[in-house]
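The values are calculated or read from the model by the stated rules, or taken from the named source; none is laboratory data. Remember, it's a predicted structure, so these values are computed and weren't measured experimentally. All Cβ positions, glycine included, derive from the backbone under ideal geometry; neighbour counts span all protein chains shown. With ligands, DNA and RNA removed, areas are computed over all heavy atoms of the protein, side chains included. Shrake-Rupley method; radii C 1.70, N 1.55, O 1.52, S 1.80 Å.
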Amino acid sequence: MKNLVAELQWRGLIHDMMPGTEEQLLKEMTTTYIGFDPTSDSLHIGSLVPIILLVHLGNFEHKPIALIGGATGMIGDPSGKSDERNLLDEVTLKKNVAGIKAVLLRFLDFNATTPNAALLVNNYDWMKDFSFINFARDVGKRITVNYMMSKDSVKKRLTADGEGMSFTEFTYQLIQGYDFHHLYKTHNCVLQMGGSDQWGNITTGTELVRKMNGEGAKVFALTCPLITKADGSKFGKSEGENVWLDADKTSVYKFYQFWLNTTDEDSEKYIKIFTFLDKQVIDNLIADHKQAAHIRVLQRRLAEEVTTLVHGKSELNKAIQASNILFGNATTEDLKQLDAATFLEVFEGVPQAEISRNEIANGINIVAVLNEKSGFLKSNGEARRALAENSIAVNKEKVTEEFQLTSNNLINNKFVLLQRGKKNYFVIKAI
């Protein structure tokens, strides 16, 4: 077997690992699972790390299992949380499970017929008929309260100010541990991976597997670091909002821009974590970037690779095209390719004015558009001077004082883009 651990190490994707894990992965095809709790109907880019781990597993001829926590999602993982989670109702939970399944299907082929084909499971399927008495007898008896209280996720909640921890959340690690036991028994799954905040839950699982299957049951644990920005702030947010893997929550344009705007330090780290480029290619990119950081070759390649991975090549091309409208030599035809939502995102923060659709239909002279109808320029005189200097463009095309704005100039039958010089933009909205 190729050395998966060595690959993950140089990429910065290993935080902690149980002894014997590397040897197991080198010895044979190893069935491995990672869990995703359905706290939302999509996943944000923080969840891209465990997804990438599953893809690496498949690429290295191991068998990946993606587990959706239909049962654990009813309780809520206390790891990293200072307060009790709100319980999800059944309708919301079903919607979230379906949404996460749809995301995972874009990265993993669950219909493949190879021996290491990826598997998708939902722990609700084996937990739904488990009675409380049976769970208490068969599972609860195997792990001591002392052991459970030693976990950081529990200790932090019990020692912090607040309401402490309910019995419901306290049992979370047992239920997750039982998942490991179930997958061990039914799919010979011997390794669980997850974020570093999951170490306590995962090691409870390894302990439970041994207790329920005898000391001969050998299972392993591996965690990856939680990704942060160089300044220590939380990764995965753009202007205070999560960056999601679904285009209806975070547009492809904004997704692309998030990666394009990463710092030099972060982009060096992220290109190893979030792409499948090999070491030589990445080392060359980093070296090229250091020679001419202003070209941002590293950020551009990072943005291209991750956007293609998540949304596909054609969507990447649209995002690049949208970006070039602001910073490149775009044309009216390029503007027409933008849908209304992307148009507004590209020109977010640009001053706007509204003009009646009827007025535009009748035709308005460009001087009036630039001054009295929009306030883009301060006077008719300034408008005429700017036109005489050939510095005014409508929808990226230069115009003269004779130009009449009509309905034919509307982008998406709604917008007109005015421009003075290279960077001074104004948007007219037809109402």
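Overview of results
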read-out: Net +/- balance of residues flanking Gly12 in space, Cβ distance below 9 Å, scoring K and R +1, D and E -1; value: +3
read-out: Exposure of Arg296 as accessible area (Å², to 10), given a probe of 1.4 Å and all protein chains; value: 80
read-out: Rounded Å value of the spacing that divides the Cα centres of the range 1-72 and the range 369-423; value: 55
read-out: Relative contact order, percent, the chain [alpha-carbon distance under 8 Å, six or more residues apart]; value: 14
read-out: Fraction of accessible area attributable to carbon and sulfur, the range 170-229 (%, probe 1.4 Å); value: 49
read-out: Within the range 303-334, backbone nitrogen closer than 12 Å to the virtual label 7 Å beyond the Cα of Lys422 toward Cβ; value: 327-329
read-out: J(HN,Hα) series, the range 225-235, from Karplus relation 6.51 cos²θ - 1.76 cosθ + 1.60, nearest Hz, glycine and proline x; value: x, 6, 6, 10, 8, 4, 7, x, 6, 5, 7
read-out: The range 311-431 - accessible surface per residue (Å², probe 1.4 Å); value: 52
read-out: Positive-end extreme of charge dipole, the chain - chosen from Asn408, His15, Phe343 (charges on Cβ); value: Asn408
read-out: Estimated vicinal HN-Hα couplings, Hz - the range 253-261 in sequence order (Karplus 6.51, -1.76, 1.60; Gly, Pro = x); value: 4, 5, 4, 4, 5, 4, 6, 5, 9
read-out: Inter-probe distance in nm under a simple model that places probes 7 Å from Cα toward Cβ, at Ala353 and Trp10; value: 5.9
read-out: Residue-normalised accessible area of the range 261-304, given per residue in Å² at a 1.4 Å probe; value: 53
read-out: Most mobile listed residue (Asp152, Asp339, Asp16) in the chain, GNM with C-alpha springs under 10 Å; value: Asp339
read-out: Three-way shape call for the range 197-334 based on the alpha-carbon gyration tensor, with the a/c threshold at 1.5; value: prolate
read-out: Solvent-accessible surface ranking, highest first, for Asp41, Asp125, Asp197, Asp266 at 1.4 angstrom; value: Asp125, Asp197, Asp41, Asp266
read-out: Accessible area per residue in Å² at 1.4 Å probe, computed on the range 1-40; value: 44
read-out: Accessible-area value, Glu397, 1.4 Å probe, nucleic acids and ligands omitted, Å²; value: 110
read-out: Loop sites in the range 208-305: chymotrypsin sites (Phe, Trp or Tyr not before Pro), DSSP, at most 14 other Cβ within 10 Å; value: Phe276
read-out: Calculated from backbone phi, Karplus (6.51, -1.76, 1.60) coupling profile of the range 164-170 in Hz, x at Gly/Pro; value: x, 9, 6, 4, 4, 5, 4
read-out: Convex hull of Cα atoms in the chain, direction-averaged projection (nm²); value: 26.1
read-out: Cβ-Cβ FRET estimate between Ala287 and Lys2, R0 fixed at 30 Å, reported to 0.05; value: 0.70
read-out: Long pairs among Lys63/Lys313; Lys249/Lys396; Lys2/Lys234; Lys254/Lys429; Lys2/Lys155; Lys95/Lys234, criterion Cα-Cα beyond 31 Å; value: Lys2/Lys234; Lys2/Lys155
read-out: Structure-based [θ]222 nm, the chain - -39500 (n - 2.57) summed over DSSP H runs of at least 4, per residue, nearest 500; value: -13000 deg cm²/dmol
read-out: Tyr178 accessible area, 1.4 Å probe, all protein chains in place, Å² to nearest 10; value: 30
read-out: In the range 328-396, the GluC sites (Glu not before Pro) that fall in loop regions by DSSP, at most 11 other Cβ within 10 Å; value: Glu348, Glu389
